[in-house]
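One structure is given here, and the rest of the page talks about it.
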Amino acid sequence: KKMAKVEKFALHVPSLEELSRVLQDGLKENFADVQVSVVDCPDLTRDPFNFPVKGLCGKPRIVDVGGVPYLVPLVQKDKVYDLNTVAKQIELPGAFILGAGAGSSKILGVNAEFIPVVQAESEQKPAVNASYVAQINPADGGCLLEKYSDKYSDCEFGLLANLYASLGQPGKVIEVKANKRTGQCNFVTCMRQIIEKHYGDKPVGMGGTFVIQKGKAKIHIMPPEFSACPLNTDEEVNNWLKFFEMKAPLICQPVLVSRDPGFDLRVEHTHCFSHHGEGGHYHNDTTPDSVQYLGYFLPAELVFRIDRPKESHMIGRD
Ligand SMILES: [Zn+2]
């Protein structure tokens, strides 16, 4: 198998104190009630996260694998990747990886949303795959959310993924509490735009996890069949996707880069899972008056771009 091309770029890394002040000031314009602070990362092995590691800290990295051009206009089913390989490609074997991607249709037999939560294999330890897959339930057209490890033992995914990787260690992180949305943008877009406005052409990347504690959210799941006819516009992609309103609590995995330093990056991508059978790709909350967000974030030191498409476009990146 041919090795995928790997590119690497150093990000601007603000101090946690500075970034938390920037977010506090900006989020006030978009949420009625905002509290941003630097805290010890809560133990993420506990509810509602149940991650295989305690924290988000240690060599934080952003990874952008493949891309939407492998999905639309027409799918390239041979685009499959492995998170254990990705961990080695980003020089972090054993990395803890969170993020948003597509399932491997070779393994799953269908197209699906992939919600990676993986501690990659290392010399000391086999991989721990705590990922979820959200797909359209063939029985009723609703959401079918399953733990990946209930059926499969690999760490594959397909087509594209936006990932936040770290050593999964405890440590200091930025805590964001934001309630009652007053602006138009979703929580992640809002933070990305605040960071872009403040840091300008110095790209800052951030990942972590947040919980929509109260309210509901607009979430999509890709249909089980890839489109037989080319999807050439955002409108055609949106007509192909299946949209749902899902309820809190939703545990979300955001990956953002304030701006693309020229690697054809997807600048934000967030998937979510829950413990009540719902999950998928986050667009926004649908209950601005009652929504409550609680998140933990860390700025990344590096971006890795793996298997960047030769021919690209901006369709389907919402
Ligand atoms: Zn997605």
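Key figures for this structure:
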quantity: Out of D264, D234, D260, sole residue that is touching a Ser or Thr at 6+ places or on another chain (Cβ under 8 Å) and either over 23 Å from K147 (Cβ atoms) or within 13 Å of the ligand (Cβ to nearest atom) (or both); calculated: D264
quantity: First in the stretch 104-120 and touching a residue at least 24 places away in the same chain (Cβ under 8 Å) and within 16 Å of the ligand (Cβ to nearest atom), second anywhere and open to solvent by 10 Å² or more (accessible area, probe 1.4 Å) and part of a helix (DSSP H, G or I), Cβ under 7 Å, 6 or more apart; calculated: N111/S105
quantity: Near pairs, Cβ below 7 angstrom, 6+ apart or cross-chain, from the stretch 133-158 (within 25 Å of L83 (Cα to Cα)) to any residue that is among the basic types (K, R) and surrounded by fewer than 17 Cβ atoms within 10 Å (Cβ to Cβ); calculated: I136/K242
quantity: Failed criterion for F210 (all others in (1) more than 16 Å from the ligand (Cβ to nearest atom); (2) within 28 Å of D43 (Cα to Cα) hold); calculated: (1)
quantity: Sole residue being within 16 Å of V267 (Cα to Cα) and open to solvent by less than 10 Å² (accessible area, probe 1.4 Å), chosen from G208, G200; calculated: G208
quantity: Matching residues in the stretch 189-240 - criterion: being within 30 Å of V36 (Cα to Cα) and among the charged types (D, E, K, R); calculated: R192, E196, K197, D201, K202, K214, K216, K218
quantity: Any pair with Cβ under 6 angstrom, 6 or more apart, that starts in the stretch 209-230 at a residue that is on the phi > 0 side of the Ramachandran plot and ends at one that is open to solvent by 10 Å² or more (accessible area, probe 1.4 Å); calculated: G215/A248; G215/T287; G215/S290
quantity: Yes/no for T233 being within 13 Å of the chain's Cα centre (by Cα) and hydroxyl-bearing (S, T, Y); calculated: no
quantity: First in the stretch 15-27 and of a type outside the set (D, E, K, R), second anywhere and open to solvent by 30 Å² or more (accessible area, probe 1.4 Å) and part of a helix (DSSP H, G or I), Cβ under 8 Å, 6 or more apart; calculated: V22/H198; G26/Q193; G26/K197; G26/H198
quantity: Which numbered condition T85 misses (of (1) open to solvent by 10 Å² or more (accessible area, probe 1.4 Å); (2) farther than 20 Å from F9 by Cα); calculated: (2)
quantity: Residue match in the stretch 174-185 (condition: in contact with a Leu (Cβ under 9 Å, 6 or more places away or on another chain) and within 16 Å of the ligand (Cβ to nearest atom)); calculated: no
quantity: Flag if D25 is touching a Gly at 6+ places or on another chain (Cβ under 9 Å), of a type outside the set (F, W, Y), open to solvent by 60 Å² or more (accessible area, probe 1.4 Å) and modelled with pLDDT of 95 or more; calculated: no
quantity: Tally of residues being surrounded by 17 or more Cβ atoms within 10 Å (Cβ to Cβ) and over 17 Å from the mean Cα position of the chain (by Cα) across the stretch 54-70; calculated: 4
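The values are calculated or read from the model by the stated rules, or taken from the named source; none is laboratory data. What you see is a predicted model, and the numbers here were worked out from it, not measured in a lab. Note that we place each Cβ from the backbone using ideal geometry, even for glycine, and neighbour counts take in every protein chain shown. With ligands, DNA and RNA removed, areas are computed over all heavy atoms of the protein, side chains included. Shrake-Rupley method; radii C 1.70, N 1.55, O 1.52, S 1.80 Å.
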